[in-house]
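Below: one structure, written as structure tokens.
What follows draws every value from the coordinates through simple rules; no lab data is involved. This is a predicted model, so every value here is computed, not measured. Please note: Cβ atoms are built from the backbone with ideal geometry, for glycine as well, and neighbour counts cover all protein chains shown.
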Amino acid sequence: NAGVTQTPKFRVLKTGQSMTLLCAQDMNHEYMYWYRQDPGMGLRLIHYSVGEGTTAKGEVPDGYNVSRLKKQNFLLGLESAAPSQTSVYFCASSSSGQRTGELFFGEGSRLTVL
Amino acid sequence: AQSVAQPEDQVNVAEGNPLTVKCTYSVSGNPYLFWYVQYPNRGLQFLLKYITGDNLVKGSYGFEAEFNKSQTSFHLKKPSALVSDSALYFCAVRANQAGTALIFGKGTTLSVSS
């Protein structure tokens, strides 16, 4: 089973460039999330979606946009990358929202902004 | 506001000894509590959760955690550590209210020596 797949796994950007991270899940989960992980700061929620066509802001949404056009995909976009967005990005999904909290995570996407 | 604290950045134990990774939380109302583990260059994996009921929760790989409401703690434990348990451990909490997010601690690195 593929589970949650993130592409690309690594990317280097210059300040001001744009890019999109793709998350795909094959578990028919309703809920999907984007987190960023920074050393000593744990995981912080960027945006999340409770179903196809819906998105909501998390803890640190500024500088990011998301879309959930298909149930299995959740895209995270950076319109104008900044060095502060250098991080490891994790996508996660769950079948019952965050009420039970059992999230399934992808392997991560390491982004460096120069 | 809800929060979770992992007071130790690193825990070192010898193989075969018991281990404890500490977690305290702050939420309004009853909490949902979770532990996740992250191995190097991988996504997070769910270990166990407390929703309600027995204060001692058993999870994957021989781990267990004890919910203590009076001390607002949810410490992760294992009777006999293995070298393969070495990883980064995250505690997470969510309030039992609609619309609240899952908040992660900053993580504790567990190092088990042979």
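Near the amide H of residue B:23, within less than 5 Å, lie the amide hydrogens of B:74, B:75, B:76, all on another chain or at least 5 residues away, with H placed in the peptide plane. Length available on full extension from residue A:22 to residue A:72: 0.36 nm per residue minus the Cα-Cα distance, which gives 17.0 nm.
Net charge within 12 Å of residue A:35 by Cβ-Cβ distance, Lys/Arg positive one each and Asp/Glu negative one each, not counting residue A:35 itself?
Values: positive: A:36, A:44; negative: A:38, A:59.
Around residue A:35, the surrounding residues sum to 0.
Sum up the charges of everything whose Cβ sits under 12 Å from the Cβ of residue A:87, counting Lys and Arg as +1 and Asp and Glu as -1, but leave residue A:87 out. Result for the local shell: +3. Between residue A:66 and A:77, the built amide H atoms are under 5 Å apart, and every one of these is 5 or more places off in sequence or on another chain. Based on C-alpha pairs under 8 angstrom that are at least 6 apart in sequence, chain A has a relative contact order of 36 percent.
Residues A:66, B:112, arranged from fewest to most other Cβ atoms within 10 angstrom of their Cβ, appear as B:112, A:66. Note on B:85, A:38: ascending count of other Cβ atoms within 10 Å places them as A:38, B:85, the fewest first. Once you list every other residue whose beta carbon is under 12 Å from the beta carbon of residue B:4, what net charge do they have if Lys and Arg are +1 and Asp and Glu are -1? After counting each charged neighbour, the total is +3. When each of B:11, B:93, A:4 is scored by the number of other beta-carbon atoms lying within 10 Å, the sequence from fewest to most is B:11, A:4, B:93.
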